[in-house]
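**Student:** Structure in C-alpha cells, see below.
Bear in mind that the values in this text are calculations on the coordinates, not laboratory data. All figures in this text were calculated on a predicted structure; none of them were measured in a lab. Quick reminder, even Gly has a Cβ in these numbers, built from the backbone with ideal geometry, and neighbours come from all protein chains shown.
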Amino acid sequence: MREVLNYFNTSIWTIISFLLVISLILIPLASFLSYSFFTVDGTDIIHEFSLFNYKEFLIGEIYINTFVRTIFLALTVMFICIFLGYPVAYFLARYAGKYKYTILLMLIIPLFMSYIIKIYMMRSILGYSGLINKVLKMLGLIDKPLEFFLWNQNAVIITLVVILLPLIIIPTFTSLEKIPRNIIEASFDLGCKPFQAFRYVIFPIGFPGLIVGSIFVFILALGDFVTPQLVGGTSGFTYGKIIYSNFGMAFNWPFGAALASILLIVSVIIILLTNHLTSKSKS
C-alpha cells in the first residue's frame, strides 16, 4: 500500500511539474505570437487580427536582406566553432586522460560570466587601443591601429565565436567520451587505420553531439542583438537589432513580435531537422 501511495504521489508531482513548465513556456509564447497579428496606430496597439506585419516583412527588402545576411553570419560563426571546437573536444575525450574534466572546466568558465562583461572584455582586446593592436604595434608589424577587429561584422563574428565556442565543445565532448574504447580497439583489430577508425567509427557515433552543439551556436548567433550592438557598429547590423529597435525605439511591439515569431519558426524548423539528422545517424 505504501508503495502504491509513493508511486501515486510521485506521479502527481511529476504531472504538476510538467504542466507548470509547459505553462511557463507556452503562455508567454502564445501571448507573444498573438501580438504579431495586431497593428499599431501611432502609439496605440489595435487589437484586431491582421497579417499586416508579416506582409510588411515579406515586401520589405531591408528585412529580407538583413535576415539572410544574419543567417550567413550565424552559419559562419557555427562553422568556425566546429572547426575550433571539435579538435578540442576530441583531444579531451581521447587523450587528456585524468585531466580532461579539469581542462573542460577551465574552458567553460566563461559561461559563468555575465554576457555583457564578456563582450566588453572582447572590446578591450579588439579595440583600436586594444591588446591585439598594442602587441602588433610593439612588434613593429603595423604603424597605426587596424580597423579590421572592431565596429564591423568581423568583430561580431570573432566575439560570438569566443562566447559560444564552449557550447559546441561540451556536447561534442560528452558524445565522444561515451564511445566505448573496446569498439575503437575492435576497429583496429579488424584492420582499420587511425583515420579509417575516426571516419567510420568515432565520427559517426559522436555526430549527434556535434549536431546539437552546432544548433545551439547557430540559433544563439542568429538571434543575438547585444553583440552586434556593442561591437558591430553600423556595418554589424543584424536581424536581432531590427527586432530590438521595434520593441524599443520604434515602440512597434506587434511588428517586433512578428519579426521574432519568424525567427522562432525558423529555429523550430532547424531543431526538427536536427532531430531528424540525429535520429538517422543513430539508426
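**Student:** Starting with the highest mean, order 63-74, 36-47, 146-157 by the number of other Cβ atoms within 10 Å, averaged over the residues of each peptide. Don't skip to the end; give the middle numbers.
**Tutor:** Working: 63-74: 16.4, 36-47: 13.6, 146-157: 19.1.
Answer by packing, highest mean first, reads 146-157, 63-74, 36-47.
**Student:** Still on this structure: A 31 angstrom limit on the alpha carbon distance is what I want to check against. Which of 98/118; 98/193; 100/134; 55/241; 118/144 exceed it? Walk me through the numbers on the way to the answer.
**Tutor:** Values: 98/118 29 Å; 98/193 26 Å; 100/134 34 Å; 55/241 20 Å; 118/144 26 Å.
Result: 100/134 exceed 31 Å.
**Student:** Still on this structure, please answer the following. When the label point is put 7 Å from the Cα of residue 111 along its Cα-to-beta-carbon vector, which residues of region 150-183 have a backbone N closer than 15 Å?
**Tutor:** Under cut-off, by backbone N: 162-177.
**Student:** Now for a separate question. Does region 232-283 come out rounded, prolate or oblate, given a ≥ b ≥ c as the square roots of the eigenvalues of its C-alpha gyration tensor, rounded meaning a/c under 1.5 and, failing that, prolate meaning a/b above b/c? Could you put the intermediate results ahead of the total?
**Tutor:** Values: a/c = 6.63, a/b = 2.24, b/c = 2.96.
Taking the square roots of the gyration eigenvalues as a ≥ b ≥ c, region 232-283 is oblate.
**Student:** At a 10 angstrom cut-off on C-beta neighbours, averaged per residue, how do the peptides 193-199, 240-246 rank from highest to lowest? Walk me through the numbers before you get to the answer.
**Tutor:** Details: 193-199: 12.7, 240-246: 20.1.
Result, highest mean first: 240-246, 193-199.
**Student:** Calculate the tail of P(r) for region 54-282: the fraction of all Cα-Cα distances greater than 26 Å, expressed in %.
**Tutor:** On the way: 12746 of 26106 pairs.
Here the tail beyond 26 Å accounts for 49 percent of pairs.
**Student:** Same structure, new question: What order do you get for 21-32, 219-230 when each peptide is scored by the mean count of other beta carbon atoms within 10 Å, highest first? Spell out each step's value before the answer.
**Tutor:** Working: 21-32: 10.6, 219-230: 20.7.
By packing density, highest mean first, the sequence is 219-230, 21-32.
**Student:** So if the hydrodynamic radius of region 73-116 is defined as the Kirkwood radius over C-alpha pairs, what does Stokes-Einstein give as its diffusion coefficient at 25 °C and 0.890 mPa s, in µm² per second? Could the numbers behind the result be given before it?
**Tutor:** Working: Rh = 11.9 Å.
So the translational diffusion coefficient is about 207 µm²/s.
**Student:** As a check on your grasp of the helix formula, calculate [θ] at 222 nm for the chain: sum -39500 (n - 2.57) over DSSP H runs of n ≥ 4, divide by the residue count, round to the nearest 500.
**Tutor:** Details: 12 runs with 203 residues, N = 283.
Per the formula, -24000 deg cm²/dmol.
**Student:** Roughly what would the spin-label model give for residue 118 and residue 22, points 7 Å off Cα along C-beta, in nm?
**Tutor:** In this crude spin-label approximation the distance works out to 3.3 nm.
**Student:** May I ask for the percentage of alpha-carbon pairs in region 1-160 that lie more than 26 Å from each other?
**Tutor:** Details: 8254 of 12720 pairs.
It works out to 65 percent of all Cα pairs.
**Student:** Continuing with the same structure: Work out, step by step, the length gained on full extension between residue 249 and residue 135: first 0.36 nm times the residue separation, then minus their alpha carbon distance; give nm to one decimal. Walk me through the numbers before you get to the answer.
**Tutor:** Details: separation 114, 0.36 × 114 = 41.04 nm, distance 3.92 nm.
In short, 37.1 nm is gained.
**Student:** OK, next. Going through the DSSP H helices of the chain, which span 15 Å or more along their own axis at the Cα atoms while scoring at least 0.0 as a mean Kyte-Doolittle hydropathy? Present the calculation step by step, with values, prior to reporting the outcome.
**Tutor:** On the way: long enough: 2-35 (49 Å, 1.37); 61-94 (49 Å, 1.47); 115-126 (17 Å, 1.15); 153-177 (35 Å, 1.86); 203-223 (30 Å, 2.15); 253-282 (43 Å, 1.33).
Sorted by number, the helices that extend far enough and score high enough are 2-35, 61-94, 115-126, 153-177, 203-223, 253-282.
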